[in-house]
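Down below is the structure, laid out as structure tokens.
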Amino acid sequence: MKHKILLILILSYMITLFPISLLDVVKERVALSPRNEELLAKVLPYVSKISSEPLLVLAVMEQESTYRWTHGDSGKAIGFMQIHLDTAKYMAELYKDELNEVGITNLQFNSVQDLIKTPIRTTLLGVLWLEHNIKHTKYIYTAISRYNGINNHEYVIKVLNRYYQLIKIYEELIE
């Protein structure tokens, strides 16, 4: 376990030194439709700006949507991060300044349809929800569990396994 934690710390630092595109990492994992590749190409540079753990964000995206811009949970969960409207509103209110700093200024939305129309904003709200959980729980395991909304050990293990696989891909790409 200590080796995995050290590896995560080293890779977090290396991401700043070796700017491998997050999209390149995703494309090593899955075949993307042209539409999803285009959307991810627009979204992922913003993820790198606001996330302390961009590879963890990719792991959550992969678990939640397999990198597809879609809606799930009977139409209530939207996008790559499968964020709900109430959570999106809460994050927009709480992190207005951080969103403005990266150029996301339109924080007015009232429906799931509004979220569907704005992939960058909607994804960043999901990223901020994950970051918020990491900051307030101080444990990645608990943050992932809270992101999902329920205490689901199986879900967390799936995300962590994806995270470690993404780390390995990133390492291979920088070699």
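Couple of notes before you dig in:
- One residue stands out among those in segment 135-175 that are in a helix (DSSP H, G or I), among the polar types (S, T, N, Q) and at pLDDT below 95: the one that is nearest to Thr87 (Cα to Cα), which is Asn148.
Conditions tested, residue by residue: (1) surrounded by fewer than 21 Cβ atoms within 10 Å (Cβ to Cβ); (2) among the small types (Gly, Ala, Ser).
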{"residue": "Gly103", "(1), (2)": "yes, yes"}
{"residue": "Asn106", "(1), (2)": "yes, no"}
{"residue": "Phe109", "(1), (2)": "yes, no"}
{"residue": "Thr118", "(1), (2)": "yes, no"}
{"residue": "Leu128", "(1), (2)": "no, no"}
{"residue": "Tyr139", "(1), (2)": "yes, no"}
{"residue": "Asn152", "(1), (2)": "yes, no"}
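- Candidate set from segment 41-57 (those that are assigned to a helix (DSSP H, G or I) and charged (D, E, K, R)); member that is surrounded by the most Cβ atoms within 10 Å (Cβ to Cβ): Lys49
- Note on segment 90-117: residues that are in a loop (DSSP other than H, G, I, E, B), without any contact (Cβ under 8 Å) to a residue 12 or more places away in the chain and among the polar types (S, T, N, Q) total 3.
- Filter result for the condition that a residue is part of a helix (DSSP H, G or I), acidic (Asp, Glu), modelled with pLDDT of 95 or more and over 15 Å from the mean Cα position of the chain (by Cα), over Glu62, Glu38: Glu38
The values are calculated or read from the model by the stated rules, or taken from the named source; none is laboratory data. Note that the structure is a prediction, hence the values are computed from the model and not measured. In this analysis, Cβ positions are derived from the backbone assuming ideal geometry, glycine residues included, and neighbour counts consider all displayed protein chains.
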